[in-house]
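The values are calculated or read from the model by the stated rules, or taken from the named source; none is laboratory data. Since we're looking at a predicted model, the values are computed, not measured. Methodologically, a virtual Cβ is constructed for each residue, glycine included, from the backbone with ideal geometry; neighbour enumeration extends over all protein chains shown. Heads up: the accessible areas ignore ligands, DNA and RNA and are worked out on the full protein's heavy atoms, side chains in. Shrake-Rupley method; radii C 1.70, N 1.55, O 1.52, S 1.80 Å.
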Amino acid sequence: MKKTTVYFDNAATTRISGSVIAGIEPYLKEQYGNPSSLYSLGREGERAVARSREQVAAALGCDSREVYFTGGGSESNNWAISSAVKSWSNQSNRQSKSHIITSAFEHHAVLHVCESLDADITYLPVYENGVVRVEDLEKAIRPETSLVTVMYANNEIGTVQPIAEMGDFIADWNKKYAEKGSSKRCLFHTDAVQAVGNVDTAVKALKVDMLSLSAHKFHGMKGVGVLYVKKGVKLPPFILGGAQESNRRAGTENVAGIVGLGIAVEEAVQGLESKNAALLKKRGRIYNEVMKIAKTRLNGDLERRLSNNLNFSFEGIEGEALLLQLDLKGIAASSGSACTSGSLDPSHVLLALGLPHETAHGSLRLSMSRYTTDEEVDYLLEQLPPIVERLRAMSPIWHGS
Ligand SMILES: *Cc1c(COP(=O)(O)O)cnc(C)c1O
């Protein structure tokens, strides 16, 4: 048995890069000052946070004043969604209930927030290929729509959504109202947690008002993220207290985490094309080999998909059993999202694609990173097919191919 972990679960979290560890070390050891303090130890912390804010701004193609540090992707989503709806109802002339448009297969940190608010919700369908259609957004939008929130890339099946096209449509929609002298404004948010470092996240081209990201999905630390908020968007504060983050998100800054996020995001957006080319080669090899296994399906579109993601269903096989067998061989992978595994519910993402319950239970997500090696791919391809075969031989619901 292999001792080291062969890691195919980068959509759940990633290893911290060496330069991030080196970059944050001084802030754990010597530079521990509170950024709000007046003495030099504190001022160095303040400078470090400012530097990181510039690095994020460069990666997103925005102004550093549009970057707010948070406690991670979930918090960024909570803030963006709850604040958009709150600022809508704060406007005195709103009699009707506000309306949110989202998609059926968002992360729970989006779906559960939407459901907690006093708003009507429309879930855009994602079809069998796992991609929303702009025409469905056009049909769903209403004068009382306060927010459209659609993820940039799905965390289970990696399918990439037409964010720029949706942004174009929403900008036109808002313009029409502005021309009529209305202050009505539908905000557009995207959960880009899976997208950073995989696809272009320059916010101007996406025409989003808000965008969430999380450091631990691109080789930074857990528990730190960013909410990008476009200049001019009125965003109520999320955590009340001190004056940190321009009075909008109180609490002493996680200086080390923020420093690491800055380094990680800079590395993540560097050489995107060559990184993707390398990942596509590995992904192609895995896809071709795994699809040779009888009664196997790929979940989600193959083309409109992150280069690091594959998600398969093997007929007659329980996802959990497969993961345990892979773990015995030192391979870390997952079935759906890290937040739903451990529960026996089928994946809401796969159900949204229209898959039957049995299939939605039995999926395998393989997600790579720039650290994934050809040797790891070789090892996976050597181990996976016989495991599937063995499990099927024992399965009461498998009737052979
Ligand atoms: C991981 C993830 C989140 C949650 O981010 P955390 O930093 O773990 O809170 C939100 N959305 C998507 C798409 C994710 O993959």
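Below, the figures for the structure above:
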{"read-out": "Residue in the stretch 162-181 that is within 16 Å of the ligand (Cβ to nearest atom) and surrounded by 20 or more Cβ atoms within 10 Å (Cβ to Cβ) present", "value": "yes"}
{"read-out": "Selection within the stretch 125-146 - away from the ligand (no atom under 16 Å from the Cβ) and of a type in the set (A, V, I, L, M)", "value": "VAL134, LEU137, ALA140, ILE141"}
{"read-out": "Qualifying residues in the stretch 370-401 (those that are outside any helix (DSSP H, G or I) and of a type in the set (A, V, I, L, M, F, W, C)) - the one most open to solvent (accessible area, probe 1.4 Å)", "value": "ILE397"}
{"read-out": "Tally, over the stretch 348-357, of residues that are part of a helix (DSSP H, G or I) and free of Cβ contacts under 8 Å to residues at least 60 places away in the same chain", "value": "2"}
{"read-out": "Filtered residue count, the stretch 358-388, keeping only those that are farther than 23 Å from TYR123 by Cβ and in contact (Cβ under 8 Å) with a residue 60 or more places away in the chain", "value": "17"}
{"read-out": "Test: residue in the stretch 36-49 that is closer than 21 Å to VAL265 by Cα and open to solvent by 50 Å² or more (accessible area, probe 1.4 Å)", "value": "yes"}
{"read-out": "Top-ranked residue of the stretch 326-357 - restricted to ones that are among the polar types (S, T, N, Q) and within 16 Å of the ligand (Cβ to nearest atom), ranked as modelled with the highest pLDDT", "value": "SER334"}
{"read-out": "Odd one out for VAL148, checked against (1) touching a Pro at 6+ places or on another chain (Cβ under 7 Å); (2) of a type outside the set (Lys, Arg); (3) more than 23 Å from ALA360 (Cβ to Cβ)", "value": "(1)"}
{"read-out": "Residue selected from the stretch 218-242 under the condition small (Gly, Ala, Ser) and in a loop (DSSP other than H, G, I, E, B), by the criterion farthest from the ligand (Cβ to nearest atom)", "value": "GLY232"}
{"read-out": "Residues within the stretch 138-157 that are under 17 Å from ASP120 (Cβ atoms) and either open to solvent by 10 Å² or more (accessible area, probe 1.4 Å) or under 10 Å from the mean Cα position of the chain (by Cα) (or both), tallied", "value": "6"}
{"read-out": "Which numbered condition TYR68 misses (of (1) at pLDDT 95 or above; (2) more than 16 Å from the ligand (Cβ to nearest atom); (3) open to solvent by 10 Å² or more (accessible area, probe 1.4 Å))", "value": "(2)"}
{"read-out": "Flag for LEU310 being assigned to a strand (DSSP E or B), aliphatic (A, V, I, L, M) and either crowded, with 18+ Cβ neighbours inside 10 Å or in the same structural domain as ALA202 (by TED's automatic domain parsing) (or both)", "value": "yes"}
{"read-out": "Selected residue (criterion: nearest to PHE8 (Cα to Cα)) from residues of the stretch 250-275 that are open to solvent by 30 Å² or more (accessible area, probe 1.4 Å) and assigned to a helix (DSSP H, G or I)", "value": "LYS275"}
{"read-out": "Conditions (1) within 16 Å of the ligand (Cβ to nearest atom); (2) under 21 Å from LYS222 (Cα atoms); (3) part of a helix (DSSP H, G or I); (4) among the hydroxyl-bearing types (Ser, Thr, Tyr): number failed by SER82", "value": "(2)"}
{"read-out": "Selected residue (criterion: nearest to the ligand (Cβ to nearest atom)) from residues of the stretch 243-256 that are more than 30 Å from ILE170 (Cβ to Cβ) and of a type in the set (S, T, N, Q)", "value": "ASN254"}
{"read-out": "Checking TYR287 against (1) under 29 Å from MET221 (Cα atoms); (2) more than 16 Å from the ligand (Cβ to nearest atom), the condition it does not meet", "value": "(1)"}
{"read-out": "Only one of ALA321, ALA360 that is open to solvent by less than 30 Å² (accessible area, probe 1.4 Å), modelled with pLDDT under 95, assigned to a helix (DSSP H, G or I) and more than 16 Å from the ligand (Cβ to nearest atom)", "value": "ALA360"}
{"read-out": "Every residue from the stretch 182-217 that is within 16 Å of the ligand (Cβ to nearest atom) and of a type in the set (D, E, K, R)", "value": "ASP191, LYS217"}
